[in-house]
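Asks: Okay, handing you the structure first.
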Amino acid sequence: MANVLITGANRGIGLALTKQFVDNQDTVFAVCRQSSAALDALGVNVIDGIDVSYDEALEQLKQRCNGQSFDIVICNAGILRDESLGALNLSSIREQFEVNALAPLNMIDKLQNHFAASGKIALITSRMGSIADNGSGGRYGYRMSKAALNAAAMSLSKDLSAQDISVGIYHPGYVQTDMVGGRGDISATECASRLFGLIDKQSMDDSGVFRHSNGDILPW
């Protein structure tokens, strides 16, 4: 049994991941801004009232995790907005950087002393953060913030190697969630099952590798 912390756990991929770890009889600490009936029904340790984009909220999270040691930390919380050339919204772009890139890094930094031996970090990113894979342009804030998250993840994989903490960088796929209006190629349940398998196999040997949830290695 593992102690697992998951952000954005009240719906979508985060909720599906929470269910997956509960089914595996792991102990889950579910972090969210506001809980949901579906999350409450799982009987996990809900840590609500946490907006990961605020430093004060992450300090509160650190305090509420006092005494806990985590085998797995999954940074899943994220937001998607839409900007295009000629219709840039710099406030929206900044917001995506705060949530998608800075928040995971800040949270990992604050929880450094809460990792168990041979701990694992899983960062839920997007292939839209891949520069080589950008074939359609647009989505400036989301693409840029996820590229920044990927860069931070690679640095984390180097900086935490001495502590035997591995870092997985995962694109979930085009998942049927509220973020994309229910469109997508796979369900959140299937995505969570894929990610669970990858995280279970994650080790120092593949720390810092950027993968699709189907297992494929993605280009930077």
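The values are calculated or read from the model by the stated rules, or taken from the named source; none is laboratory data. Since the structure is predicted, the reported quantities are computational estimates derived from the model, not experimental observations. FYI the Cβ positions are ideal-geometry reconstructions off the backbone, even for glycines, and counts take in every protein chain you see.
Asks: If you take the residues of the stretch 16-30 that are free of Cβ contacts under 8 Å to residues at least 60 places away in the same chain and part of a helix (DSSP H, G or I), which of them is nearest to the chain's Cα centre (by Cα)?
Replies: Result: Thr18.
Asks: Ser84 is checked against (1) modelled with pLDDT under 95; (2) under 20 Å from Ala153 (Cβ atoms) and fails just one. What number does that condition carry?
Replies: (2)
Asks: So for the stretch 32-44 (the condition being of a type outside the set (A, V, I, L, M, F, W, C), at pLDDT below 95 and loosely packed, with under 14 Cβ neighbours inside 10 Å), does at least one residue qualify?
Replies: no
Asks: Go through the stretch 83-105 and give me each residue that's part of a loop (DSSP other than H, G, I, E, B) and either touching a Ser or Thr at 6+ places or on another chain (Cβ under 6 Å) or surrounded by 12 or more Cβ atoms within 10 Å (Cβ to Cβ) (or both).
Replies: Glu83, Leu88, Asn89
Asks: Of everything in the stretch 176-193, what is crowded, with 21+ Cβ neighbours inside 10 Å and under 17 Å from Ile74 (Cα atoms)? Give them in sequence order.
Replies: Selection gives Ala188, Cys191, Ala192.
Asks: Of the conditions (1) among the aliphatic types (A, V, I, L, M); (2) within 18 Å of Ala192 (Cβ to Cβ); (3) touching a residue at least 24 places away in the same chain (Cβ under 8 Å); (4) assigned to a helix (DSSP H, G or I), Leu58 clears all except one; give me its number.
Replies: (2)
Asks: From the set of residues in the stretch 137-153 that are of a type in the set (A, V, I, L, M, F, W, C) and under 23 Å from Cys191 (Cβ atoms), which is surrounded by the most Cβ atoms within 10 Å (Cβ to Cβ)?
Replies: Ala153
Asks: Can I ask one more? Quickly run through the stretch 152-202 and pick out the residues that are acidic (Asp, Glu) and out of contact with any Gly (no Cβ under 9 Å at 6 or more places or on another chain).
Replies: Correct list: Asp159, Asp200.
Asks: Let me ask something else. For the stretch 33-52, give me the residue count where each residue is in contact with a Lys or Arg (Cβ under 8 Å, 6 or more places away or on another chain) and assigned to a loop (DSSP other than H, G, I, E, B).
Replies: Here the count works out to 6.
Asks: Also: Scan the stretch 157-173 and give yes if some residue there is in a strand (DSSP E or B) and either small (Gly, Ala, Ser) or at positive phi (or both), otherwise no.
Replies: Checked the stretch 157-173: at least one residue is in a strand (DSSP E or B) and either small (Gly, Ala, Ser) or at positive phi (or both).
Asks: Still on this structure, please answer the following. Could you please find all residues in the stretch 3-43 being within 21 Å of Arg194 (Cβ to Cβ) and among the polar types (S, T, N, Q)?
Replies: Once the filter is applied, which keeps residues that are within 21 Å of Arg194 (Cβ to Cβ) and among the polar types (S, T, N, Q), the stretch 3-43 yields Thr7, Asn10, Thr18, Gln20, Asn24, Gln25.
Asks: Write out, first by first residue and then by second, each pair whose Cβ atoms fall under 8 Å of each other, whose residues are 6+ apart or on separate chains, and whose first residue, in the stretch 91-114, is closer than 21 Å to Asn66 by Cβ while the second is charged (D, E, K, R).
Replies: Here the result reads Asn106/Asp55; Lys110/Glu59; Lys110/Lys62; Leu111/Lys62; His114/Lys62, each pair linking the stretch 91-114 to a residue that is charged (D, E, K, R).
Residues checked against (1) over 16 Å from Arg127 (Cβ atoms); (2) hydrophobic (A, V, I, L, M, F, W, C); (3) in contact (Cβ under 8 Å) with a residue 40 or more places away in the chain:
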{"position": "Arg194", "(1), (2), (3)": "no, no, no"}
{"position": "Ile199", "(1), (2), (3)": "yes, yes, yes"}
{"position": "Ser203", "(1), (2), (3)": "yes, no, no"}
{"position": "Arg211", "(1), (2), (3)": "no, no, yes"}
{"position": "Gly215", "(1), (2), (3)": "no, no, no"}
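Asks: Does Leu80 fit the bill of being surrounded by fewer than 22 Cβ atoms within 10 Å (Cβ to Cβ), closer than 25 Å to Phe29 by Cα, in contact (Cβ under 8 Å) with a residue 60 or more places away in the chain and of a type outside the set (D, E, K, R)?
Replies: yes
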